[in-house]
1. Can you give me the accessible area per residue for chain B, using a 1.4 Å probe, in Å²?
2. Ranked from the most accessible area to the least, with a 1.4 Å probe and all protein chains present, what is the order of A:Met123, A:Met312, B:Met94?
3. With a 1.4 Å probe, how much accessible area is buried between chains A and B, both sides summed, in Å² to the nearest hundred?
4. Taking the DSSP beta bridges in the protein assembly as shown as the whole, what percent of them are antiparallel, to the nearest 5?
5. Indicate the residues belonging to the stretch B:169-193 that lose 40 Å² or more of solvent-accessible heavy-atom surface (probe 1.4 Å) upon moving from the chain alone to the assembly of all protein chains, ignoring ligands and nucleic acids.
6. How large is the accessible surface of B:Leu88 in square angstrom, using a 1.4 angstrom probe and rounding to the nearest 10?
7. For A:Glu216, A:Glu276, give me the order by solvent-accessible area with a 1.4 Å probe, most accessible first, ignoring ligands, DNA and RNA.
8. Suppose accessible area is computed on protein heavy atoms with a 1.4 Å probe; arrange B:Ile181, B:Ile102 from highest to lowest.
Amino acid sequence: MTSSPPLAPASRADAAAARGAGASVELRSVVKQYSGHTALNGVDLTLRPGELVAVLGPSGCGKTTALRALAGLERVTAGSILVDGVDVVDVPTHRRDVGMVFQSYSLFPHLTVRQNVEFGLRMRSVDRRERGARAREALELVGLASLGERYAHQLSGGQQQRVALARALVTQPRVLLLDEPLSALDAKVRVQLRDEIRRIQHELSITTMFVTHDQEEALAIADRVAVMRDGRIEQVGTPESLYSAPETGFVAQFVGVSNRIPGEAAGGRARIAGAELPVVGTPADGPVWVLVRPENIALADVGIPGVVEAVMFLGPVCRSTVRLADGTVVEVQHRVEERRPVVTTVHLRFAAEAVAVLPRD
Amino acid sequence: MSVALRRLLLAVVGLVFLLPIVAMVEFTLRSPSGSGYGLDHWAAILDPERERSYRNLFEGVANSLTLAVVTAALVLVLLVPTMVLVSLRYPRLMRVLEFVCIVPITVPAIVLVVGLAPVYGVVVRVAGGGTWTLALAYGVTVLPFAFRALQTDLSASNLATLTEAARTLGASWPRVMTTVIVPTLRRGILAAAFITVAVVLGEYTIASLLNRVNLQTALVQVSRSDPYAAVIFALLALLFAFTLLLLIGRVGTARSRGVLPASPGSVSPASGAAASPAPVAPAPTSKAVR
C-alpha cells in the first residue's frame, strides 16, 4: 500500500543510478500540515543518484507539496529530508542547491533570456566571463542559444519552459525539481519538451523529481514512478511494474485505463464472466473487483458474448464499449480493422495476464 | 459612438482643461505697462534685485520638493515591503491593508489636521520642527494613491512564483527584493512615487493649518502682492506634474515593449557579479553543463 523502500531492482532505475553523478534524496516520514489539513501524511520516498522519479497523482494529493518541501519552499511539520545523507530540513531554500522549473512560466520579465539563465550564477558570484560561457552552454543544451537577447514575453510557452530548464540547470544543482512543467503547453510541444527533458536529464545524470498528474507523461519519462494519494505514497515502482502489477485499485485505476469487473477470487485466481485469470499478489478468497486493462481483452469468434454500445477511434487503435449479458460494461481495445458497428453482438476473450483485484463488499 | 462624436467630446473636454491654462499663460505674458505681451514677469522671477520678495516662494518650492522626496521615500519604504509581504505570505490580509490604506481618502484634510495638531505637538518635541516632519502627515494622505498604483502592478505580476524561482536559484531575501521584486514592480513603484510627488506639490490645507510653508501656502501669500509670480509658479508646478505623468506613461510603454531602462536594483550584464550577502552552495566549474 505504501512507501518506496525497499527499492525493487529495476533495470532502468539501476541504469540511472549507475550513471549517477547526482545526489541521493530521501524523504523520511515527511508530514506537512496546514491549519486543519494534512497535505503530506508520512511520505517515504527515495531517489537514487541520477534517477528521474515521477510523482504522479490527482489534484490535491500532495505531490507538489512534497516537491516544494524538498525545495525548501514549504517547511515540513515532521520527518526529515536527506540529500546525500544530510538532513536539509533546516537549510533555507537558497542554500539547498536545487534547480526548479515551475508550472507557470517563471522567467523574470525584466531580464533577457541570457540574464535569466545567468541569474543563479550571479547569486553565486560567478565571474562575468564564466557566467556568459555557462549560460551559452545551457542555452545550447535546450536549443535556444540564438534567443539570448529576447525577453520572456517574446518567446512561446515551450521556449519559455526551455529557458526555465536552462536556468535551473546552469548552476549544476544537486537535484532538479520539475513541478508540472509541461501542463501549460499544447499537446505537441508537451511531447517534444518531455523528450527533451528526458534527454537532458539522461545526459547530465542529475537526480530529478518530476511532478505530474498526467500518467502518460509519468510513464514515458520516469525511471520510477511514485503514485500519491491523500498525502501518502500509494506505490513506487518502474512504469512497467506499476502498469502491469498495480498493488492497489487506486493505482490500477489511475495508471492507465482499467475495467472494473465483478468476480470471485479463489486459490490465487480470479473468476469473471466465464473466464479464469491469474491474480497479482495473494488476495483473500471471496467476491472481488477484477481490474482488467482494455488491451488485455480481445474480440474473438468465440468467447463471452456482448453487445457493442460505442466505438471510439484513437488513431492506431479503437476502443469499443461492450455490454456483457450480466450487464457489466467493459472497454475493449482492438485494431481499427476489427471495429464492429454499434449494436452488433461480439465475443470477448481475456488474455491470460495477471490481473489486480480489489475486495468487493 | 461615432468617431465624429468622440472627437467632439474629446475637443470639449480638452478645451475645459486647456482654457484655464491658456488663460494663466496669457495672464503671465501681459506687459507691466498694460498693453501688449512680453516675458517681463517671467524674467522678474530670476531678477536678483527682486529675490527678497520671492524668498518666501523659493522657500516654499524648496520645502515642497524636500517634502515630496521624503514623503515618497517614506511611503515606498513602508508600503512596498508591507504589500509584498502581505501578498506573498498573508494574502488574506490584503483586504485589511487595502482598507487601512484607503481610509485617509475618506477623511477631509481639515479633520485630519484637527487630529494631527496634537500629534505634531509631540512630533516637534521629539523630532524638531523641520520641514520634513510634515512628510509624516503627507505620507498618510498619499497612502490611497500609492496603494492603488502598487496594487495594480502587484496583481498583474506573478510575484509568488518569481520569488520562489529566485530563491531556488540561490537568492537570499534581500537579493530577491532588489533583483526581482523591485524591478518587477518598477512601474508601480514609479507610479506611486510620481503620484506622491504630484499630491505633495499640490497640498495646501495641512501645511496652512499647521502653519508651515510649502509651495501652495507660499503661492497664496505671494499672490496677494504679486499675482503674476503666483500664476507663473502655479504653471511651473503644473508642468512638473504633467512631466511626471508623461514619465509614468513612458515607463509603462517601455515595459510593454520589454525594454526597461536599467535600474540600480536590476540585474544587468554590465553590473558584474555583485557581492552575495549570503553564501550559497558552490557552483562547481568542472562539471560544466554540456
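1. Details: 15600 Å² over 290 residues.
The answer is 54 Å² per residue.
2. On the way: A:Met123 0, A:Met312 100, B:Met94 30 Å².
The most accessible residue leads, giving A:Met312, B:Met94, A:Met123.
3. Details: alone 16420 and 17580 Å², together 30100 Å².
Accessible area lost upon association: around 3900 Å².
4. Values: 62 of 81 bridges.
Beta bridges within the protein assembly as shown, antiparallel portion: roughly 75 percent.
5. With the partner chains in place, the stretch B:169-193 has these residues losing at least 40 Å²: B:Leu169, B:Arg175.
6. Around 50 Å² of this residue is reachable by solvent.
7. Details: A:Glu216 115, A:Glu276 90 Å².
Descending order: A:Glu216, A:Glu276.
8. On the way: B:Ile181 0, B:Ile102 45 Å².
Order by accessible area, largest first: B:Ile102, B:Ile181.
The values are calculated or read from the model by the stated rules, or taken from the named source; none is laboratory data. Just so it is clear, the model here is predicted, and its values are computed rather than measured. Positions of Cβ are backbone-derived with ideal geometry, glycine not excepted, and every protein chain shown enters the neighbour counts. Please note that ligands, DNA and RNA were not included when accessible areas were found on the heavy atoms of the full protein model with its side chains. Shrake-Rupley method; radii C 1.70, N 1.55, O 1.52, S 1.80 Å.
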